[in-house]
Each structure stands twice: as C-alpha cells, then as structure tokens.
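The values are calculated or read from the model by the stated rules, or taken from the named source; none is laboratory data. Note that the coordinates shown come from a computational prediction; the quantities given were computed from them, not determined experimentally. Cβ sites come from the backbone with ideal geometry, for glycine too, and all protein chains shown count toward neighbours. Accessible surface areas use protein heavy atoms only, side chains included; no ligands, DNA or RNA. Shrake-Rupley method; radii C 1.70, N 1.55, O 1.52, S 1.80 Å.
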Amino acid sequence: MTTVARFEVEFTRFLNAEGEATQELPPFALDPANLIPLYRAMQLTRAFDTKAIALQRTGKIGTFASALGQEAIGIGVASAMRKEDVLVPSYRDHAAQFVRGVTMTESLLYWGGDERGSNFAVPREDFPSCVPIGNQVCHAAGVAYAFKLRKEARVAACFLGDGATSKGDFYEALNFAAVWRAPLLVVINNNQWAISVPREHQTITPTLAQKAIAAGVEGVQVDGNDVIAVHDAARRAIDKARAGGGPTLIEAISYRLGDHTTADDATRYRDPDVVQQQWANEPIRRLRNHLARIGAWDQEKEERLQKECADQVAAAVDAYLAIPPPTAAAMFDHLYAELPTAMKEQFDAAQWFASHDGGSSHG
Amino acid sequence: MAELNLVEAINRAQAWEMDHDPSVVVLGEDVGVNGGVFRATVGLQERFGPERVIDTPLAETAIIGTAIGMAAMGLKPVAEIQFSGFIYPAMDHIWNHAGRLRNRTRGRLSCPLVVRSPCGAGIHAPEHHSESPEALFAHLPGVRVVIPSSPSRAYGLLLAAIRNPDPVIFLEPTRLYRLFKQEVADDGEALPLDVCFTLRAGSDVTLVSWGAMLNETQAAAEALAQEGIMAEVIDVATLKPLDMTTILESVTRTGRCVIVHEAMRTGGFGAEIAANLAEHGLYSLLAPVQRVTAWDVVVPLSRLEYQYLPSVERIVAAVMKTLEGA
Ligand SMILES: Cc1ncc(C[n+]2csc(CCOP(=O)(O)OP(=O)(O)O)c2C)c(N)n1
Ligand SMILES: [Mg+2]
C-alpha cells in the first residue's frame, strides 16, 4: 500500500483576542493608516446593525440578518478587492457591501422590502444578496469564468456560511472553478451556527477549509475575528487568482454573537453564557487594543469615530425613510427587458385596482 | 378539545402519529432542538428523541433524497423544507423518484413520504419566502398535493397524508399559521384526502379556492351576501388528485364559477379547474368562468406583497362580472 494523497490545512492569526501580535505582522499592517479604515468600517457596520435591529422592532424594516461579531470577515475581504472585481454576496454580507460602495440607505431599502435596494448606484456589477443558501457560489464561479474568457484581470469573490458548506452548490461550484482555473475567491463565514444547528452537527470534518481539497483547490483557515489575518489571506488569494492561479477557499472562524435574524430567538438553542464568553474574541475590540498599543488610537479618536458612525447611520436612516413607497406598477417594471404585450391587460388591471383603493382589503 | 392555531394543529398531528406509529420520523433543518422556525415541530425531539426527529445538515436535496430511501424501507418520513422557496433543489428527487418509485418497480417499492413546507405571502418575510408553487407539484404524476386552510383541516389532512402510502406535498400557508384558532379534537381522526370541502352553501355563484386565499374568498362571500348574492365556497384542499365531482355538482346548481388563487395566473392550478369546467360543465355555465389570481410577476418584496395578493375587491368584481346581464 502506498499513500497517494495527503493534505494539510494551515491556520493563520496575527492578533490574539487581546490584540497582541502573535507573529510578525504582514507589511500592509505595519502602517496604521492601512488599519484605521478597516477599524472604521467595522464600527460603522456595527452601528448600522444596532440601528437596523431597532428599525425592525418598530416595523420600519422587515426581517434583518445582522453581522454582529463577524464584521472583520466582510471588511477584510472587500478591502482586498479592487473596484472592478465583483462581489457575489449572501444575506449577511452588508459589511463587505458597504466597503464596495453599496450605501446603508440601499441596504435598508432592501431589508425594508423594496427591490430598489438591490439597484446599487455603485458597484454596478456586484450581485444582489443571495437568500437561497449556497446558490451564490455557483454564480460567482460563472462570473469568474466570464473574466477569464475575456482575459480581464478581474476576480470574483463570494461568501457563504458554515451551514451552506453542506449544500451541493458549494462543492459543485468549487469543482467547476478548479477545473476552469477561474479567478474566484470563496470565503466561508464560519460563525459556528446555521440558525439552531451548530457547526459540529453540520459536518464531522475538523475544518471547513479542507472541503476544498476534494476539488483540488487550496483551502486555508484564518481567525475571522482578526481583520489583519482575513485581509492578508484574501489579498494573497485575490493576487493569485488575478495572476491566473485559480480559486482559493478561505474558512474564516468567527462567532454569531446575535440571533440568526430578527425572526430568531437564539436562547431557545444555545447557552447565553457561551455567547457571553465569545464576546472576548470579537474583532473590533481586538483591533482597537492593537491600535492603542502602537499609539495609533486613543479615547478621543474613539469618541469622535463613534459619533461619526452614529451620524452617518442616522443620515442613512433619514434618507431611507424619505423614499416614497413603490407603486403597483413596480411589480411589472424590469420583469422583462420590455413588458410583453400579452401582459398589458394584467398591468392595467393592477393599476386600476391599486388606484381605486381596491387592492387593499384582505379579509 | 383544544383551541389550536394552524401551526399548533400541524404539531399535534405529527405528535399523534409519531406516538402511534414508530415508523414515522421527522427530518429537516432546525426541526429538532429549535422545534422548527415556525415551531411546527416544537417538543417532538424532546418527546421522541433525536433519532426520530432529525436536525439535518443544510441541504434540501439530501433531505428529500434520504427521505425517499427511508420511505422505501418502510419508514414514514415527514420531511420539512423550511420554506417552499427552497424546495427546488429537491425537485429532482420529488419528480424523478418520489412520484415514480412505485410505478418503476411495478409496486415492489413505494414512497410513503410527506414533504411539509410553508408557502405563500403576507407575513412581510424576506425574498424567496413568499412563493406559492403548488401548480409545479400538481403537474407531477404519482404525488398528491394538499393545502390546508384551517387548523382542524390541517390536523386531519396531515394525519391522512402521513398515513397515505404515496408521497404527499403538504403546503402550509404561513399567513394562516397564527391567524385564528379553532377547536381541534386531537383524537387521531384523519380527514379524507382527494375531496373538496364545501365551506359555505350558496345558489348564485361558486367560489373555488384553497389555502390562505380562502380568507379573502370567504370575506368576499360575506360581502356579496350583504348584496343578496349567495356564493357557495369550496376549499379544494387536495389539488391532486382533484375532486371535480364536488365542484361540478356545485357549478351545475349555480351556473357561475370564480376560481381564486394566490399563485401567478399563467399555468396556475386555476387553469386546470377552468379546463375541467369547460370539458364537463360548459352547458351548465351561465357566464364565463373567472380567475382571480396573482399577477404574472415575481412575488414582490414585502412593501408590495398586498398588491400582489388578490384582494376581496378583486373577487367581488369577478363575481359581478359573472352576473353581468343576469
Ligand atoms: C436553500 C435554503 N435552505 C434553507 C434556507 C433557510 N435558512 C436561511 S439562513 C439558514 C442557515 C444558514 O446558516 P449558515 O450557512 O451557517 O449562514 P449564517 O446564517 O450562519 O450566516 C437557513 C437554513 C435558505 N435560505 N435557503
Ligand atoms: Mg453560520
């Protein structure tokens, strides 16, 4: 008998939970000017999440999925992308979307139940959030193939959850991208939970990164609460993809500190004490400690930033609330490039009932 | 007797059958510890254990695919697909296997499977959580399609579905889950599958509907009654196989029929009923059959969902059309 295959999965972390460097930092992280925007983006996402949950509670938006505790993943990855790259996000990826240029107002519009929230002014080619689990990995592989075919130096990136790694779409897309050697980055936000199902019930493998091995793709694991580690791994993977080296899978280990969504009550299935302990690992405090330690951050800066974030979120909320509701005609808009003649009668009827106050009564 | 809402009735029916038939197993995402995202399976894992109430990994294809294997071996799986918008990865197994296993093996193997899945709009849910895909399933040979419209019918029909020797797609309108309560005996009594239920007698027009739309349909019947127009209301309940006998008997008396459904119009199940009326009831009809359905559009996000859902006014207007010139 001979061994015909063998694999290893590497784990990377630069900052421990206290924000102390555990190894020499990568070059970009040596300049605080590169880290402060990441810190700022994480704070902004957290301020947005807090506000969005409050808006849901008062009926101003619908169900909402917060990124609480997982901010470093989206921000670490999106900050390593170029403008011309394409993000194919899932429903918990607004942290990355904001870095890409999607506005908080657009995000609120989407979660508030209005399709216009997916018509981003910037970035025009990023995908809308994918709600059916795992599908986006296939789309991202296709996006990457298009870049490759047209010889464009662009990369596609997508996120999925730990739960989503159980879906065929994930394996199938990785395999396609590997066979095509397509410029794709797939990032698993391993927040340890898929609603009520813990990571260890999802799969018995010790890592999710190793799921890449079967497809012949490089799989690495990083501390997803260390934005430096996430950014560094993403940057390497993106550079590799852009240079024609094919896809990479990154497993970023984090923890879902909040409920799955506003429709969920996590106390039904997990111990609040364990959640409390996980707060010690969260990414924002970690980077703040590091920045303070190197003399790049202080209380005054912190207070100024908190205020800036709060103001920015408040302005986004005001702008969202000022948007007039869509009309019934919007259901027919953009259904096809041009509304087929055969649908004219339905369109007119919808308009008629909407304008005669006759669409409103529902038993 | 207990006062139950629809989701509680679904829960009791599963509990009853698990208690009385050890071959019944429940599987799906979040059905165990969490008791299902709508709480349809709450308490079942505590009571019957994690081997019979299985929190599966996240994969609809494998939930239904493995359930088919279990069913062929004599288990009676009740598989929950968390929302019917996520059932499509399992379509392969439902179409190619669940509905065909008996036929392919000339009866040697069978598939006593129930696929439960919430459906429909109206609860301000996110994208892909509001679809009404019943017509897709009604098109498939070898499967039954059931949609309950009240707690007591949900209880009796789900028991019947689990006891049925063939696969049943059991779609549960989320809008009805907690809308109202009803006395439910919880005595293990099943209702008949494959028959329509007449909910209201009337002589002027027959209103045919199912699921959550019976809400609007019954409100329309009430409004029409104020005008002296007596509408008969039929809950189709089992779409496939379709009990045209009950519908034809009613339309023969009333001469008019309005079909109401929440799904899009084109290729919707209303078309099947209308076609049957054209084939078998044309000479009883005093006016053309009308359909009141959602528009042929993508279910809009929540801000417009009530513009998408057929309204009471649209049903009343359709009835008035059948009465034009009468
Ligand atoms: C195909 C599909 N099945 C089920 C659901 C319902 N659902 C939404 S989120 C979720 C859990 C996802 O967990 P994970 O992939 O870990 O991502 P997380 O939400 O933790 O970020 C489920 C089951 C869905 N959206 N799509
Ligand atoms: Mg998760």
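Points worth noting:
- Selected from A:I204, A:I36, A:I188 as most flexible by GNM, with chain A as the system and alpha-carbon contacts under 10 Å: A:I204
- R0 of 56 Å, Cβ-Cβ distance B:M320-A:E303: FRET efficiency to nearest 0.05: 0.30
- Residues with amide H under 5 Å from that of B:R291, placed H, sequence gap 5 or more: B:I259
- Convex hull of Cα atoms in chain B, direction-averaged projection (nm²): 16.2 nm²
- Among beta bridges from DSSP that stay inside chain B, the antiparallel ones total about 20%.
- Amide H contacts of B:A263 (H built 1.01 Å from N, under 5 Å, at least 5 apart or other chain): B:A294
- The slack in the chain from A:L335 to A:F7, taken as 0.36 nm per residue of separation less the alpha-carbon distance, amounts to 113.3 nm.
- Sparse-neighbourhood loop sites, trypsin sites (Lys or Arg not before Pro) in segment A:30-138 - DSSP loop, at most 11 other Cβ within 10 angstrom: A:R82, A:K83, A:R124
- Computed FRET value (nearest 0.05) for A:A319 with B:D186, which takes r as the C-beta separation and R₀ as 41 Å: 0.20
- Considering only alpha-carbon pairs that sit under 8 angstrom and 6 or more positions apart, the relative contact order computed for chain A is 22 percent.
- Kirkwood hydrodynamic radius of segment B:14-162, Cα pairs, Å: 15.6 Å
- Taken as Cα centroids, segment B:179-229 and segment A:170-244 sit 52 Å apart, rounded to the nearest whole angstrom.
- The accessible-area loss of segment A:91-125 on complex formation, taken against its chain alone with a 1.4 Å probe, reaches 40 Å² or more at A:Y110, A:G113, A:E115.
- In sequence order, segment B:13-23 has phi-based couplings of 5, 5, 5, 4, 6, 5, 5, 9, 9, x, 7 Hz under the Karplus curve 6.51 cos²θ - 1.76 cosθ + 1.60, θ = phi - 60°, and Gly or Pro positions carry x.
- Solvent exposure of segment B:174-281 amounts to 37 Å² per residue of accessible area, where only protein heavy atoms count and the probe is 1.4 Å.
- Buried area at the A-B interface (accessible, heavy atoms, 1.4 Å probe, summed, Å²): 3600 Å²
- Projected label points at A:Q351 and A:R57, each 7 Å from Cα along the beta carbon direction, are separated by 4.3 nanometres.
- Projected label distance in nm at B:M230 and A:T205, using a 7 Å step from Cα toward the beta-carbon: 6.8 nm
- By DSSP, the beta bridges lying fully in chain A are antiparallel in about 10 percent of cases.
- For segment A:148-287, the fraction of 1.4 Å probe accessible surface lying on carbon and sulfur atoms is 53 percent.
- With a 10 Å cut-off around each Cβ of A:341-353, the average count of Cβ atoms from other chains is 3.
- Antiparallel %, DSSP beta bridges [both residues in the protein assembly as shown], to 5: 15 percent
- Measuring between their Cα centroids, segment A:82-113 and segment A:18-62 lie 15 Å from each other.
- Share of carbon and sulfur in the accessible heavy-atom surface of chain B [1.4 Å probe, %]: 54 percent
- Over segment A:290-363, accessible surface divided per residue gives 63 Å², non-protein components excluded, 1.4 Å probe.
- Per-pair calculated FRET efficiency, R0 = 41 Å: A:R82 and A:A280 via Cβ, rounded to 0.05: 0.75
- P(r), alpha carbons of the protein assembly as shown - 20 Å bins starting at zero, rounded %: 17, 46, 30, 6, 0
- Overall form of segment A:25-157 per C-alpha gyration tensor (a/c, 1.5; a/b vs b/c): oblate
- Helix-only arithmetic for the protein assembly as shown: the sum of -39500 (n - 2.57) across DSSP H runs with n ≥ 4, divided by the residue total, places the mean residue ellipticity at 222 nm at -11500 deg cm²/dmol.
- Applying a DSSP loop filter and a limit of 10 other Cβ atoms within 10 Å to the GluC sites (Glu not before Pro) in segment B:1-106 leaves B:E51.
- Against chain A, whose longest principal axis comes from its Cα atoms, helix A:344-355 is set at around 80 degrees.
- Each Lys and Arg Cβ is given +1 and each Asp and Glu Cβ -1; about its Cα centre, chain A then shows a dipole of about 700 debye.
- Against chain B, whose longest principal axis is taken from its Cα atoms, helix B:244-254 shows a tilt of about 20°.
- Karplus-derived 3J(HN,Hα) values for segment B:279-293, using 6.51 cos²θ - 1.76 cosθ + 1.60 with θ = phi - 60°, are 6, 10, x, 4, 6, 8, 6, 9, 8, x, 5, 10, 10, 10, 9 Hz; glycine and proline are entered as x.
- Built amide H within the under 5 Å cut-off of A:T12, gap 5+: A:Q221, A:V222, A:D223
- Taking the longest Cα principal axis of chain A as reference, the axis of helix A:168-180 is set at about 70 degrees.
- Choice from B:G99, B:G228, B:G270 with maximal GNM fluctuation in chain B (Cα, 10 Å cutoff): B:G228
- According to the Kirkwood relation over distinct C-alpha pairs, the hydrodynamic radius of segment B:3-59 is 11.2 Å.
- Electrostatic bookkeeping for A:S118 treats Lys and Arg as +1 and Asp and Glu as -1; over the other residues with beta carbon under 12 Å from its beta carbon, the sum is -3.
- Comparing the full protein assembly with the isolated chain, the residues of segment A:184-231 losing at least 20 square angstrom of accessible surface (1.4 Å probe) are A:I195, A:S196, A:V197, A:H201, A:Q202.
- For segment A:65-82, backbone phi angles converted through the Karplus equation (6.51, -1.76, 1.60; θ = phi - 60°) give residue-by-residue couplings of 10, 7, 9, 3, x, 10, 4, 5, 5, x, 6, x, 7, 4, 6, 8, 8, 9 Hz, Gly and Pro being listed as x.
- The mean number of Cβ atoms from other chains found within 10 Å of a Cβ in peptide A:318-327 is 1, as a whole number.
- Taking chymotrypsin sites (Phe, Trp or Tyr not before Pro) in DSSP loop conformation with at most 14 other Cβ atoms inside 10 Å as exposed sites, chain A has its longest uninterrupted site-free stretch at A:8-335.
- Of A:A215, A:A52, A:A241, the one that fluctuates the most in a GNM where chain A has Cα springs shorter than 10 Å: A:A215
- Distance in nm between pseudo-label sites at A:V122 and A:A33 (7 Å out along the Cβ direction from Cα): 2.0 nm
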